[in-house]
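Please read the structure below before turning to the comments.
The values are calculated or read from the model by the stated rules, or taken from the named source; none is laboratory data. These numbers come from a predicted model, not from an experiment. Here Cβ is always computed from backbone atoms with ideal geometry, including for glycine, and neighbour counts include all displayed protein chains. Just the protein is used for accessible areas: all its heavy atoms, side chains included, with ligands, DNA and RNA removed. Shrake-Rupley method; radii C 1.70, N 1.55, O 1.52, S 1.80 Å.
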Amino acid sequence: MARARLGDGSMIVARRHGNPDGPRVVFTHGCGFAADLYWPFWSLLAVDFDVVVYDLRSHGWNEPSDLRLHNMPTLADDNIRVLEAVDNAFGAKPTFGVYHSLSTMVVLMHEHKSPTFAALVLFDPPIYPPGAGLDEMETVCQGLAGAARRRQRRFESPDELVAMLKKAPAFSLVPEPTLALFAETTLRPSPDGGHELRCPPEHEAQLFEWYFGHSMQTMELLADITIPIKVIGADPTAKFSFLPSTDLSTLSDLDYDFVPDLTHLLPLEAPERCASLAMEFVRRTAP
């Protein structure tokens, strides 16, 4: 394990899996989720690659941090410290970042401020070309923030959360075993009995509010980043689950593919297809 001390003194632990002699792949997750939730996806990478996974602050293995620090610039600084700790613990070598949703914005801010990666794989990033659907994006982000604040935070058991997810349209393409993994990785025992969300709803909501402004800055960040970037999007014609997916084929600087019939949760919905695309890109760009 690699332990990263963050700017506020809190800690993030990065866990190493797979083949230590292979190319290094670093992975983290989307808003309100956890790295271990994506085990059906990243475990496929671990067959050949040196895979390191970690949770964003206030998510997964990490205790909730100060809400005032819960913003995109802080997460980007956290990311820089995590990657430094990974190199210190496991030895420095070319690193390929694989990120989903919220964390794609974080890693672009990281790479812009402190170039670190050999290449990046971004799953359905909230990249919006100038003038494309800005009103829709703002409406979606505010709606997500409001929904997060109203989210049920305590459950009698993980089974209660699984039953709720089975009825949620956003999770309709996620396999049932992954729904059980969702409950296992996003809940912790509550001191008052039962279980509670590891990521407090107000923390999740605040990050959604940061989404809109920073999604508008993505093109500026990309203009200054020179490493290879692979974008793997959801089907832009499909009904989205959390964030609307955009066809980025007109952005010639990006190596862009979308996966038909999948939504924003594509690494959870079809881990084999997503892992195959990611591995092909890493093998092609690895030194």
Inset, instruction - Could you tell me whether any residue of the range 82-94 is touching a residue at least 60 places away in the same chain (Cβ under 8 Å) and under 12 Å from the mean Cα position of the chain (by Cα)? - result: no
Inset, instruction - Please identify the pairs in which a residue from the range 108-121 that is part of a helix (DSSP H, G or I) has its Cβ atom under 7 Å from the Cβ atom of a residue that is buried (at least 23 other Cβ atoms within 10 Å of the Cβ) and among the polar types (S, T, N, Q), counting only partners at least 6 apart or on another chain. - result: 110/79
Legend entry - Total residues in the range 94-120, condition touching a Phe, Trp or Tyr at 6+ places or on another chain (Cβ under 8 Å) and either of a type in the set (Asp, Glu) or closer than 12 Å to residue 218 by Cβ (or both): 5
Inset, instruction - Output yes when any residue across the range 92-102 is at pLDDT below 95 and closer than 20 Å to residue 268 by Cα, and no when none is. - result: yes
Legend entry - Only one of 207, 165, 181 that is outside any loop (DSSP other than H, G, I, E, B), modelled with pLDDT of 95 or more and crowded, with 20+ Cβ neighbours inside 10 Å: 181
Legend entry - In the range 229-243, residue farthest from residue 145 (Cα to Cα) [restricted to those that are among the charged types (D, E, K, R) and either buried (at least 17 other Cβ atoms within 10 Å of the Cβ) or at pLDDT 80 or above (or both)]: 230
Legend entry - Long-range neighbours under 8 Å by Cβ, at least six apart or interchain, first residue in contact (Cβ under 8 Å) with a residue 12 or more places away in the chain and over 18 Å from residue 34 (Cα atoms) within the range 164-181, second β-branched (Val, Ile, Thr) and open to solvent by less than 100 Å² (accessible area, probe 1.4 Å): 173/263
Inset, instruction - Filter the range 130-153 for residues that are in a helix (DSSP H, G or I), at pLDDT below 75 and exposed (fewer than 15 other Cβ atoms within 10 Å of the Cβ) and give the result. - result: 134, 135, 136
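Conditions tested, residue by residue: (1) among the polar types (S, T, N, Q); (2) out of contact with any Cys (no Cβ under 8 Å at 6 or more places or on another chain).
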position	(1), (2)
81	no, yes
88	yes, yes
92	no, yes
96	no, yes
102	no, no
108	no, yes
119	no, yes
Inset, instruction - Give 250, 246, 285, 226 a once-over and let me know the one that is under 26 Å from residue 76 (Cβ atoms), modelled with pLDDT under 80, open to solvent by 20 Å² or more (accessible area, probe 1.4 Å) and β-branched (Val, Ile, Thr). - result: 246
